[in-house]
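To keep things clear, I will list the structure first and then write my remarks on it.
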Amino acid sequence: MSATLELPAATNPASESRPTEQRLLFQPIKVGRFELPHRIVMAPLTRSRARQPGNVPSALNACYYQQRASAALIVSEATQISMQGQGYAWTPGIHSREQVEGWRLVTDAVHEAGGRIVLQMWHVGRISHPALQPDGMPPVAPSPIRPESMAFIENEKGEGELAPFVTPRALQPEEMPYLVAQYERAARHAIKAGFDGVEVHGANGYLLDQFLCTGTNRRTDAYGGPVENRVRLLLEVVDAVTKVWDAEAVGVRLSPMGAANDIRDDDPLTTFTHATRELNARKLAYLHVVNPAMGALENKTTPDAAAMQMLQRIREAWHGPLMLAGGFDADTAEQWLREGRADLVAIGRKFIANPDLPERLRTHAPLNADDAATYYGGGEKGYTDYPSLAQERGQAPKACVDESWR
Ligand code: 8OZ
């Protein structure tokens with residue numbers, strides 16, 4: 001579908017209780033097969049609270065997602081497609097039967113509250129550690145290049161701990177079909193688990209981004225060298241996933257010009273414009289882009305010309321709904337939608353502390369501040385205990401807190 005932006009009819013009759021909502025942020029939009037009531041998506045957020053052992057989603061996670069079901073769409077936290085795809089302690093998977101059953105609790109809870117949720121499928125590549133890998137093996141990557149910085153693992157006491165990254169093992173060409181098959185299996189599991197669609201995590205320096213970018217891909221086979229080769233794995237994955245799901249239920253996330261997890265590309269304009277064109281031909285539900293101008297939005301400074309050019313190129317190459325993530329508040333989101341730079345915005349951190357974020361933005365209500373100390377790991381503290389407006393006003397009970405996850 002085309003990504004044209006229609007202004008709301010000026011003659012829309014005002015409801016008695018509130019003024020007519022003119023903001024684009026609150027206009028409905030069709031995204032692939034999804035009829036979304038507004039444009040505020042809950043961005044994927046790693047929270048590292050899967051039940052142990054086995055990295056299994058639980059009733060606690062279902063409660064958290066249900067509280068946030070008023071998002072236009074929820075993109076689940078990044079979820080490993082295999083044990084090899086895991087890079088952090090306590091992140092959920094979708095490779096075991098228990099995990100599929102656990103995700104069913106989550107999707108049922110979101111649907112019961114009227115929401116929609118897609119599964120973000122994740123393989124971290126080199127951003128892992130032998131402590132998280134099957135049989136203590138080194139992580140895999142396009143090329144044996146060790147990332148700077150540290151992995152987040154679990155120590156003997158069951159606590160989170162940082163450990164230096166190791167040099168990954170380069171994937172053999174024969175392993176590639178197996179890897180693609182694991183994404184396909186995860187996509188099938190997502191159907192069983194009751195998701196509404198899937199998003200391929202191609203961003204933030206993880207496996208697919210490691211193939212895409214020159215800093216991490218030194219291969220000389222069909223998966224390395226020119227951009228046509230570096231994008232091959234991403235496209236094989238998307239093509240495998242769209243055998244399982246209609247393309248109109250599949251999104252892809254990219255992070256052009258990103259530097260997360262020690263990723264770097266010599267020519268992001270060429271790399272990401274090519275990847276976008278190829279994805280565009282596949283008529284997917286949406287493209288989800290980590291905003292390269294995020295820092296400027298956050299600091300209220302003028303965005304870098306290179307970042308804006310990158311976004312412009314992507315906008316031209318991608319003809320479907322474009323979702324941008326990173327650094328938005330209600331005003332900048334509205335402004336960017338009005339300027340035609342995006343069709344939807346994904347908001348992450350503000351959703352952590354504000355389960356009813358769309359309603360708060362709609363009514364200009366104050367936002368709760370989030371506590372970074374409880375982002376990763378732990379239980380309901382800093383997870384399911386942030387109140388909705390109705391709870392703050394004493395008009396609603398504490399939502400869905402269920403002790404059965406312990
Ligand atoms: C923060 C911490 C751990 C993982 C990403 C999945 O950047 C992540 C992530 C973010 O996409």
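The values are calculated or read from the model by the stated rules, or taken from the named source; none is laboratory data. All values derive from a computational prediction rather than experimental measurement. Quick reminder, even Gly has a Cβ in these numbers, built from the backbone with ideal geometry, and neighbours come from all protein chains shown. These accessible areas exclude ligands, DNA and RNA; they are computed on the full protein's heavy atoms, side chains included. Shrake-Rupley method; radii C 1.70, N 1.55, O 1.52, S 1.80 Å.
Shape class of segment 224-325 from the alpha-carbon gyration tensor: prolate, with a/c at 1.5 or above and a/b greater than b/c.
Measuring nothing but how far apart in sequence close Cα pairs (under 8 Å, 6+ apart) lie, relative to its length, the chain scores a relative contact order of 18 percent.
Positive-end ranking of Phe34, Ser70, Ile347 along the dipole of the chain, with charges on Cβ about the Cα centre, is headed by Phe34. Placing unit charges on the Cβ atoms of the charged side chains and taking the dipole of the chain about its Cα centre, the candidate lying farthest along the positive direction among Ser82, Pro92, Leu311 is Leu311. Note on the chain: GNM, Cα springs under 10 Å; of Gln133, Gln84, Gln172, the largest mean-square fluctuation is that of Gln172.
Computed about the Cα centre, the dipole magnitude for the chain is approximately 300 debye when only Lys and Arg (+1) and Asp and Glu (-1) carry charge, each at its Cβ. Listed by chain and number, the aspartates and glutamates whose C-alpha is less than 19 Å from the C-alpha of Lys192, apart from same-chain residues fewer than 8 away, are Glu77, Glu98, Glu101, Asp108, Glu112, Glu184, Asp246, Glu248. Spatial offset of segment 208-227 relative to segment 322-384 amounts to 34 Å, using the alpha carbon center of each. Only Cα pairs within less than 10 Å get springs; with that Gaussian network setup on the chain, which residue of Thr167, Thr363, Thr332 has the largest fluctuation? Greatest mean-square fluctuation among the candidates belongs to Thr363. How large is the accessible surface per residue of the chain, computed with a 1.4 Å probe and reported in Å² as a whole number? The answer is 41 Å² per residue.
Which of the peptides 287-297, 25-35 is most tightly packed, and how do the rest follow, judged by the mean count of other Cβ atoms within 10 Å per residue? Write down the numbers at each step before the final one.
Numbers: 287-297: 22.4, 25-35: 18.0.
For the peptides 287-297, 25-35, the packing ranking is 287-297, 25-35.
Counting only DSSP beta bridges whose two residues both lie in the chain, roughly 20 percent are antiparallel. Taking the chain as a Gaussian network of alpha-carbon nodes connected by springs under 10 Å, the highest mean-square fluctuation of the residues Asp331, Asp370, Asp196 belongs to Asp331. Here the accessible area is traced with a 1.4 Å probe on the protein chains. For segment 61-158, carbon and sulfur cover 51 percent of it.
Too long at a 30 Å Cα-Cα cut-off: which of Lys243/Lys398; Lys30/Lys350; Lys30/Lys243; Lys157/Lys398; Lys243/Lys381? Let's see the in-between values first.
Numbers: Lys243/Lys398 42 Å; Lys30/Lys350 24 Å; Lys30/Lys243 22 Å; Lys157/Lys398 32 Å; Lys243/Lys381 40 Å.
Lys243/Lys398; Lys157/Lys398; Lys243/Lys381, as the Cα separations exceed 30 Å there.
What are the membrane-span-like helices in the chain by this rule: whole DSSP H runs, Cα extent along the axis at least 15 Å, mean Kyte-Doolittle hydropathy at least -1.0?
Values: long enough: 97-112 (22 Å, -0.84); 176-192 (25 Å, -0.34); 232-244 (19 Å, 1.07); 268-280 (17 Å, -0.53); 305-317 (18 Å, -0.02).
Membrane-span-like by this rule: 97-112, 176-192, 232-244, 268-280, 305-317.
Overall shape: prolate for segment 101-149, with the ratio a/c of the largest to smallest alpha carbon gyration tensor axis at 1.5 or above and a/b above b/c.
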